[in-house]
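First the structure, in the form of structure tokens, and then the observations on it.
The values are calculated or read from the model by the stated rules, or taken from the named source; none is laboratory data. It should be emphasised that the depicted structure is a prediction, and the values quoted were computed from it without experimental measurement. For neighbour counting, all protein chains shown are included, and Cβ atoms are generated from backbone atoms with ideal geometry for every residue, glycine included.
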Amino acid sequence: MPATKCLQQGVRTERNTIPLGAHPLFLIAGTSTGQLYVGKAEGEQRLLGRWSSYAKTGHGGNLALRELDALEMSHRKHLQFSILRVFSPGTPAADVDAAEAHYKRAFLTRRFGLNRN
């Protein structure tokens, strides 16, 4: 099944399906550089919108990935996407933001990775 169709129906994992209204936190790993990016899927399309944007543009609006894209567009072929954590639709935004900040600290993505915020 194509990735976009899978995401439109909810993301299937080995354990269950992630509902479209959920708040997923994700990790993008640059497999050629080892750099990491932690992000959250917000907005109307959530995970489908975010990952589709990365697939289409190579940077999804992310400043550090945009800089890589300007240097070498082939980095797009070396992005691996993972889901770190999924919050239910009713989770307060402050809780999601705190978890995102935790992962950025834990993975050192501001210092050595692709997060600039």
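Assorted remarks:
- Conditions (1) modelled with pLDDT of 80 or more; (2) surrounded by 11 or more Cβ atoms within 10 Å (Cβ to Cβ); number of the one not met by residue 66: (1)
- Residues that are touching a residue at least 12 places away in the same chain (Cβ under 8 Å), in contact with a helix residue (DSSP H, G or I) (Cβ under 8 Å, 6 or more places away or on another chain) and closer than 27 Å to residue 32 by Cα within segment 84-112 comprise 84, 85, 109, listed in sequence order.
- Residue within segment 14-35 that is buried (at least 18 other Cβ atoms within 10 Å of the Cβ), polar (S, T, N, Q) and modelled with pLDDT of 80 or more present: yes
- For residue 74: the one exception among (1) in contact with a Gly (Cβ under 9 Å, 6 or more places away or on another chain); (2) at pLDDT below 80; (3) hydroxyl-bearing (Ser, Thr, Tyr): (1)
- Out of 99, 94, 41, one residue alone is surrounded by 15 or more Cβ atoms within 10 Å (Cβ to Cβ), under 28 Å from residue 17 (Cβ atoms) and modelled with pLDDT of 90 or more. It is 99.
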